[in-house]
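First up is the structure itself, then whatever we jot down about it.
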Amino acid sequence: MNSGFGVTWKDTAGAELPLDSWRFARVLRPILGFALAVHLAFVGVFYLLDIRVMLVINVLSVALYTGLLANMHRFRERWILTTGYVTVLMHVWLATHFTGWGGGFHLYALILIPLVAFLADFSFRQRCLLIALISVFYALVASTYMGMEPLVPLDPHVVGWLKSANFGATCIGLSVVSLFYAIAVNRADRIILQARRKLEQLASTDPLTGFLNRRSMEPLLRQLLDSGRPVAVLLADLDHFKVINDELGHDAGDQVLEAVGAALRSNLRASDYAARWGGEEFLMVFPNRDLAESRAIADRLRTAVAECWVGIDGRRVSVTIGIAMARRGESLESVIKRADNALLEGKRMGRNRAVLDNSMYREGCPA
């Protein structure tokens, strides 16, 4: 049967995040992991080069990035980013100061530009300003240290090795930023699409029964009527439902509606449509069914409803159904009105029955 037809997400630590923060965390984690790996390598490099200041700085950087990775959910993204920017720029300046421009440590500043553009929790103006500041910083480092002798003289072979290693690491860093951002964007887009579909479903269905609501059923029924195919329209109303609400409470009323919805659904085929039309009213549409078949199904639905719920006082629920076959070119309002007239006739006749629209008898349609 056709019923017709959501946003926070959890990170790996189980914390709930808005979509933007979730996507940000998905990208920031591998970036911090990359930074931690690079600084671990630098600990060994500067130990071998016997540059103690840089050795201490990188040991502290390892501790910093380890702490950030372990406690990402506790810090705001802006704070993490700002800390990372300052750490990278400070390292670029000091490493270039000690090893010279030829060592290639200045290249790491370039990783910050796409990081700012893609990930920063800043406005567009703030991003442009940060990118400009990084560019100015890079130009100042270049103008200061390009051509200058390094503070710690190094063997040319060592300098060449450092430059090659730092160039490769920079390329890896840029790839990590781009690749994981692309993956996170694609994943976030899928989540947004799923949420949009869920919201559309929630907007078009009744939460208690899972059936279409009135707003979504009307255009569907109009489309079926315009197609010229045989269409049977059944309007069902629960008998004495107000008494159940008044005497047993609205929770019991909701249980009745859920049970009735399940009973109706189990007796409809996949190509049929059902909607909760009002408080205790249900509209069912049977494409390509004739009158006799629709009448037989209506009787089966009445039986299913009578067996679907028993109150604590032994009370059962019943349903009265009005049936109308759509005429060629008939409007939605007209066919529903005829089904409603049949329903009212069934109420007058004592309820708990399926009644055909009177005009069908006048037109010679069999009961």
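The values are calculated or read from the model by the stated rules, or taken from the named source; none is laboratory data. A quick note: this is a predicted structure, and the numbers were derived from the prediction, not measured. Positions of Cβ are backbone-derived with ideal geometry, glycine not excepted, and every protein chain shown enters the neighbour counts.
Within the stretch 323-335, being β-branched (V, I, T) and not in a strand (DSSP E or B) holds for one residue alone: V335.
Picking from residues in the stretch 96-137 that are outside any helix (DSSP H, G or I) and within 19 Å of G173 (Cα to Cα), the one that is modelled with the highest pLDDT is G104. When G228 is tested against (1) over 30 Å from the mean Cα position of the chain (by Cα); (2) part of a helix (DSSP H, G or I); (3) modelled with pLDDT under 90; (4) not charged (D, E, K, R), exactly one condition is not met: (2).
Regarding the stretch 125-140, can at least one residue be identified that is among the small types (G, A, S), closer than 19 Å to A41 by Cβ and over 33 Å from the mean Cα position of the chain (by Cα)? Scanning the stretch 125-140 turns up no residue that is among the small types (G, A, S), closer than 19 Å to A41 by Cβ and over 33 Å from the mean Cα position of the chain (by Cα).
Which ones in the stretch 197-223 are under 14 Å from L283 (Cα atoms) and either small (G, A, S) or part of a helix (DSSP H, G or I) (or both)?
Kept after step one, since they are under 14 Å from L283 (Cα atoms), are these residues of the stretch 197-223: 205-206, 209-222.
Answer for the stretch 197-223, where residues must be under 14 Å from L283 (Cα atoms) and either small (G, A, S) or part of a helix (DSSP H, G or I) (or both): G210, R214, R215, S216, M217, E218, P219, L220, L221, R222.
Taken residue by residue, the stretch 305-322 has at least one member that is touching an Asp or Glu at 6+ places or on another chain (Cβ under 7 Å), within 19 Å of V231 (Cβ to Cβ) and either modelled with pLDDT of 95 or more or not in a helix (DSSP H, G or I) (or both). Within the stretch 286-300, can one find any residue that is closer than 20 Å to L208 by Cβ and not in a helix (DSSP H, G or I)? Checked the stretch 286-300: no residue is closer than 20 Å to L208 by Cβ and not in a helix (DSSP H, G or I).
Only one of the listed residues (N213, N186, N166) is farther than 30 Å from V319 by Cα and touching a Gly at 6+ places or on another chain (Cβ under 9 Å). That residue is N166.
The requirement of being out of contact with any strand residue (DSSP E or B) (no Cβ under 9 Å at 6 or more places or on another chain) and either modelled with pLDDT of 95 or more or among the hydroxyl-bearing types (S, T, Y) (or both) is satisfied by V62.
Against the conditions (1) exposed (fewer than 15 other Cβ atoms within 10 Å of the Cβ); (2) in contact with a strand residue (DSSP E or B) (Cβ under 7 Å, 6 or more places away or on another chain), D206 satisfies every one except (1).
Can you tell which of R302, R289, R265 is closer than 17 Å to R327 by Cα and among the charged types (D, E, K, R)? Even if it seems obvious, please write down each step before you answer.
Details: R302 fails: closer than 17 Å to R327 by Cα; R265 fails: closer than 17 Å to R327 by Cα.
Checking each option against the conditions leaves just R289.
For the structure I just gave you, tell me whether T170 is in a helix (DSSP H, G or I), among the polar types (S, T, N, Q) and more than 21 Å from V27 (Cα to Cα). If you could, list the steps in order and put the result at the bottom.
Working: in a helix (DSSP H, G or I): yes; among the polar types (S, T, N, Q): yes; more than 21 Å from V27 (Cα to Cα): no.
No; evaluated as a whole, the condition is false for this residue.
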